[in-house]
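Worksheet: the structure to be examined is printed underneath.
The values are calculated or read from the model by the stated rules, or taken from the named source; none is laboratory data. This structure is a prediction, so every number in the text was calculated from the model and none was measured. Cβ placement follows ideal geometry from the backbone for every residue including glycine, while neighbour counts extend to all protein chains displayed. Remember, those area values only see protein heavy atoms, side chains included, never the ligands or the DNA or RNA. Shrake-Rupley method; radii C 1.70, N 1.55, O 1.52, S 1.80 Å.
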Amino acid sequence: MRIGTFVLAAQFPGQGPGEALHRAVRSAEAAEESGLDSVWLAEHHFVPYGVCPSATTLAALLLGRTRRIRVGTAVSVLPNHHPVALGEQAALLHLTSGGRFSLGVGRGGPWVDLEVFGGGLDAYENGFPEALELLLDWLREPRVAGRGERFGFREVAVVPRADELLDGAAEAADTSGPEVIVACTSPKSVRLAAGRALPMLLGMHCGDEEKAEMVALWRTAAREAGHPPEVVEGAAHVSAGVAQIADGPGDATETLVKTMPGWLRQGLDAHVTVDARHRVMRDPVAYTELLCALHPVGPPKLAADRLAATAERTGITRFALLVEGSGDLAATEENVRRLGADVLPLLT
């Protein structure tokens, strides 16, 4: 079982972005100190739901401040980035960190980001497969040309090459380049990831049954694409969730129900669609209660049992857990500490 944290840099009501980012950095440092496996960083634009606009930039900072833990993006929103520029950043972080960087990418949403960064609605609705293919070529090939509908350019050399990790830089690192993970929310995205044998990041709004169905679809599609059994069975998918540890049976849930709805209401209401389409946002209280029921929220034994149950039902053994749901720095650090000290030993 590989337990990591999911860092949104959430800006709670009454807080500024600096406070949210400081808590994000400290929670990541605490994750390494507590023996956790990884830190996954979200990217958002123009909303207090999460105030980290560049997951790769924050990843660079955290890779420099840590020595062991894996740092990944969850996710870099591909329609807002040129795939070559993102590939260059990923290669740089992979090489300079000794192979500790994972690149998670996703399609994002139909937000005003698409207008600001120039991708346009078509990049969101139709352009993700082309952008993903170009990104993968950049991370795997010595020379790359853009030959698609959106990206067209002459062949250029890939510098630096992502497969040029120094011998011995990281004993367990993949020397072929950084791990690439795809955020999947639909059968179409599951099949896209499976066709390229890329592991999935599955959202915290999904229950075990839905995640198990997506893993089963991924395996079927990967086999149909011709990937060997060991690749299909060994795919290291990641399950996102929420973690809040407390001794009393209802204490953890009470903490999150008091704090998270205010953040969710403020953050989700701030999203603006690029084409004025109507979006129905989740009820913040009901959504918080759902997350508490689905994920490791409660005493250590309950938290460990829920993680073990998810692993058994879905086959997923990697977790990215939101630990900042209290909105408080000291409480977040303590939550991470307890996740490592009290929950992790129950899973080994």
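Between amide H atoms placed 1.01 Å from N, distances below 5 Å from Val105 occur with Ser76, Ile181, Val182, Ala183, all of them 5 or more places distant or on a separate chain. With a cut-off of 13 Å between beta carbons, the residues surrounding Glu233 carry a summed charge of +1, where Lys and Arg count +1 and Asp and Glu -1.
Accessible surface for region 193-300, divided over its residues, is 44 Å² per residue with a 1.4 Å probe. Helix 128-140 axis versus longest C-alpha principal axis of the chain: approximately 70°, rounded to the nearest ten. Spin-label model, Thr175 to Glu125: label points 7 Å out along the Cα-to-beta-carbon direction sit 4.7 nm apart. Per residue, region 22-61 exposes 29 Å² of accessible surface when a 1.4 Å probe is rolled over the protein heavy atoms with every protein chain present.
Bridgeable lysines around Lys301 (alpha carbons under 25 Å apart, same-chain partners fewer than 8 residues away excluded): Lys211, Lys258. Region 253-274 and region 50-70 have Cα centres spaced 24 Å apart.
Would region 11-57 count as rounded, prolate or oblate if I go by the C-alpha gyration tensor, calling it rounded below 1.5 in a/c and otherwise prolate when a/b exceeds b/c, oblate otherwise? Verdict is oblate for region 11-57. With Cα atoms defining each centre, region 179-225 and region 279-310 are spaced 21 Å apart in the structure. In order along region 46-52, the phi-based Karplus estimate (6.51 cos²θ - 1.76 cosθ + 1.60, θ = phi - 60°) of 3J(HN,Hα) comes to 6, 9, x, 3, x, 9, 8 Hz; Gly and Pro are listed as x.
Taking θ as phi - 60° and the Karplus parameters 6.51, -1.76 and 1.60, the scalar couplings of region 233-246 work out to 6, x, 4, 9, 5, 10, 9, 7, x, 10, 10, 9, 10, 8 Hz in sequence order, x denoting glycine and proline. For the pair Ala309 and Arg196, a Förster radius of 35 Å applied to the C-beta separation gives a FRET efficiency near 0.75, rounded to the nearest 0.05.
Over region 79-167, accessible surface divided per residue gives 47 Å², non-protein components excluded, 1.4 Å probe.
The candidate values were (1) 0.95; (2) 1.09; (3) 0.97; the one computed from these coordinates for Rg/Rh (Cα atoms, Kirkwood Rh) carries the label (1). Tell me whether region 1-115 comes out rounded, prolate or oblate; compute the Cα gyration tensor, take square roots of the eigenvalues as a ≥ b ≥ c, and use a/c under 1.5 as the rounded threshold. Oblate, since a/c reaches 1.5 and b/c is not below a/b.
Remark: accessible surface ordering of Val182, Val84 (largest first) is Val84, Val182, probe radius 1.4 Å. Assign one of three labels to region 250-327, namely rounded, prolate or oblate, based on the Cα gyration tensor with a ≥ b ≥ c the square roots of its eigenvalues; rounded applies when a/c is under 1.5, prolate when it is not and a/b is larger than b/c, and oblate otherwise. Judged from the Cα gyration tensor, region 250-327 comes out oblate (a/c at least 1.5, b/c at or above a/b).
Quick one: with all protein chains in place, what share of the accessible area of the chain is carbon or sulfur, to the nearest percent (1.4 Å probe)? Accessible surface attributable to carbon and sulfur in the chain totals 52 percent.
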